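Enquirer: The following block contains the structure, expressed as C-alpha coordinates.
The values are calculated or read from the model by the stated rules, or taken from the named source; none is laboratory data. On a predicted model such as this, the values are computed, not experimentally measured, just so you know. When the accessible area is computed, the model is the full protein with side chains, heavy atoms only, and any ligands, DNA or RNA have been set aside. Shrake-Rupley method; radii C 1.70, N 1.55, O 1.52, S 1.80 Å.
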Amino acid sequence: MGSNYDFDDDDKDAGGGPRAFKEFDCPDCNANNPVDDTFTDGDEVRCNYCGSEYKALVNSEGRVRFKEV
Ligand SMILES: [Zn+2]
(Lines give C-alpha, C1' and ligand atoms only; values in the text may rest on other atoms or scores of the structure.)
Protein backbone atom coordinates (compact mmCIF):
# COMPACT_ATOMS: atom_id res chain seq x y z
CA MET A 1 0.00 0.00 0.00
CA GLY A 2 1.67 3.17 -1.13
CA SER A 3 0.92 6.38 0.62
CA ASN A 4 0.31 9.44 -1.45
CA TYR A 5 0.30 11.66 1.56
CA ASP A 6 3.65 13.13 2.35
CA PHE A 7 3.10 15.54 5.16
CA ASP A 8 5.89 17.79 6.17
CA ASP A 9 6.72 16.46 9.60
CA ASP A 10 9.73 18.56 10.43
CA ASP A 11 8.16 19.77 13.65
CA LYS A 12 7.69 16.32 15.13
CA ASP A 13 11.00 16.38 16.95
CA ALA A 14 9.72 19.16 19.15
CA GLY A 15 7.68 16.57 21.00
CA GLY A 16 4.23 15.71 19.78
CA GLY A 17 4.01 17.94 16.76
CA PRO A 18 2.52 21.37 16.41
CA ARG A 19 0.10 22.35 19.13
CA ALA A 20 -3.08 24.22 18.52
CA PHE A 21 -4.83 26.32 21.10
CA LYS A 22 -8.47 27.22 21.39
CA GLU A 23 -8.21 30.09 23.82
CA PHE A 24 -5.76 32.46 25.39
CA ASP A 25 -5.48 34.86 28.27
CA CYS A 26 -4.77 38.40 27.18
CA PRO A 27 -1.42 39.56 28.58
CA ASP A 28 -2.74 43.10 28.75
CA CYS A 29 -6.19 42.93 30.34
CA ASN A 30 -6.09 39.29 31.48
CA ALA A 31 -9.35 38.43 29.75
CA ASN A 32 -9.85 34.87 28.62
CA ASN A 33 -10.47 34.78 24.91
CA PRO A 34 -11.87 31.77 23.09
CA VAL A 35 -10.95 31.82 19.41
CA ASP A 36 -13.20 30.79 16.52
CA ASP A 37 -10.57 28.62 14.97
CA THR A 38 -7.42 27.45 16.66
CA PHE A 39 -4.09 29.20 16.73
CA THR A 40 -0.60 27.83 16.91
CA ASP A 41 2.99 29.03 16.88
CA GLY A 42 3.36 32.18 14.79
CA ASP A 43 -0.33 32.96 14.50
CA GLU A 44 -1.73 36.31 15.45
CA VAL A 45 -4.57 36.65 17.90
CA ARG A 46 -6.63 39.60 19.00
CA CYS A 47 -8.16 40.22 22.37
CA ASN A 48 -11.93 40.62 22.11
CA TYR A 49 -11.98 42.84 25.15
CA CYS A 50 -9.23 45.40 24.77
CA GLY A 51 -8.47 44.91 21.06
CA SER A 52 -4.75 44.30 21.49
CA GLU A 53 -3.13 42.08 18.90
CA TYR A 54 -0.47 39.56 19.70
CA LYS A 55 1.66 37.05 17.94
CA ALA A 56 1.58 33.66 19.61
CA LEU A 57 4.94 32.07 20.22
CA VAL A 58 4.89 28.47 21.40
CA ASN A 59 8.02 27.14 23.04
CA SER A 60 9.25 23.56 23.07
CA GLU A 61 7.32 22.85 26.24
CA GLY A 62 4.07 23.80 24.57
CA ARG A 63 3.66 27.03 26.47
CA VAL A 64 2.40 30.09 24.68
CA ARG A 65 3.85 33.54 24.98
CA PHE A 66 2.43 36.61 23.34
CA LYS A 67 4.38 39.29 21.61
CA GLU A 68 2.63 42.54 20.91
CA VAL A 69 2.33 43.37 17.22
ZN1 LIG B 1 -7.10 42.25 26.35
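Enquirer: How would you classify region 18-69 from its alpha-carbon gyration tensor, with a ≥ b ≥ c the square roots of the eigenvalues: rounded for a/c under 1.5, else prolate if a/b is greater than b/c, otherwise oblate?
Expert: Here region 18-69 falls in the prolate category.
Enquirer: Which sequence of CYS29, CYS47 reflects their accessible areas, 1.4 Å probe, from the largest down?
Expert: CYS29, CYS47
Enquirer: Name the long-range amide H neighbours of ASN33: under 5 Å, sequence gap of 5 or more, or other chain; modelled H, no Pro or chain starts.
Expert: Close amide H contacts, sequence-distant or interchain: PHE24, ASP25, CYS26.
Enquirer: What is the gain in length, in nm to one decimal, between LYS67 and ASP36 on full extension, counting 0.36 nm per residue of separation less the C-alpha to C-alpha distance?
Expert: Full-extension gain reported as 9.1 nm.
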